[in-house]
Amino acid sequence: MQELTEEALVAASVDDVWADFTRADRLQEWMWPPRFESTAAVDLRELGRWELRSDVAELAVEATILAVDAPRTLRLAWRWAGEDHSTDVELFLEPAADGSTRVIVRHSGFVSDEERASHVEGWSNCLQRLVDRYGGPPGEHL
């Protein structure tokens, strides 16, 4: 099985970034492009649901929360709607200089190079939207 790790430095506190991943109202604002008109649902507890949907893009993630250690780690059994295969997503938030947050995403369990490659691109784009949400990389928005 293959895995990936993507990282970003976000000019926001750990608490703010945690809320961006764990509050449905905030998650749907940034995770996918605005044109997707995303909706989200988060039941922040072990075995709770973490879902993101776009009827416009005909796309949905139907994840199950496997572990929560607020506000530092979140682990999900990640499954695209309509697929039987799930993968494992681990999200780590670490305090960084000047009140910023290092976001680390480890995603594993891919069955092919193509599946891994599409998720590398997807996570890279998502994390860039999160960076942009706070005005760009730390130090650039001053």
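Derivation of every value follows stated rules applied to the coordinates shown; laboratory data play no part. The structure presented is a predicted model; accordingly, all values stated were derived computationally and were not measured. All Cβ positions, even for glycine, are placed from backbone atoms using ideal geometry, and neighbour counts span all protein chains on display.
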(request) State whether segment 1-45 is rounded, prolate or oblate according to the following rule on the C-alpha gyration tensor (a ≥ b ≥ c being the square roots of its eigenvalues): a/c under 1.5 gives rounded; otherwise a/b larger than b/c gives prolate, and the remaining case gives oblate. (result) rounded
(request) Using a Förster distance of 25 angstrom, determine the FRET efficiency expected from the C-beta separation of Glu121 and Ser86, and round it to 0.05. (result) 0.80
(request) Give me the distance between the Cα centres of segment 93-138 and segment 62-86, rounded to whole Å. (result) 15
(message) Through the Karplus equation 6.51 cos²θ - 1.76 cosθ + 1.60, θ set to phi - 60°, convert the phi angles of segment 54-61 into ³J(HN,Hα) values in whole Hz; use x for Gly and Pro.
(response) 9, 5, 4, 8, 6, 9, 7, 9
(message) Give me the dipole magnitude in Debye, nearest 20, for the chain about the Cα centre, with unit charges on the beta carbon: positive for Lys and Arg, negative for Asp and Glu.
(response) 280
(message) Give me the Å³ per residue figure for the convex hull around the C-alpha atoms of the chain.
(response) 102
(request) Considering the options Ala24, Leu66, Gln2, tell which one lies farthest towards the positive end of the dipole of segment 1-102, charges being +1 on Lys and Arg and -1 on Asp and Glu at the Cβ, about the Cα centre. (result) Ala24
(message) For segment 79-142, take the convex hull of the Cα atoms, compute a quarter of its surface area, and give me that in nm², please.
(response) 5.2
(request) Under 1.5 on a/c is rounded, so check that first for segment 35-76, then, if it is not, pick prolate when a/b is larger than b/c and oblate when it is not; a ≥ b ≥ c are the square roots of the alpha carbon gyration tensor eigenvalues. (result) prolate
(request) Mind telling me which of Glu51, Glu94, Glu83 comes out most flexible in a GNM of the chain, alpha-carbon contacts under 10 Å? (result) Glu83
(request) Putting +1 on Lys and Arg Cβ atoms and -1 on Asp and Glu Cβ atoms, find which of His107, Leu91, Ser118 reaches farthest to the positive end of the dipole of segment 91-142. (result) Leu91
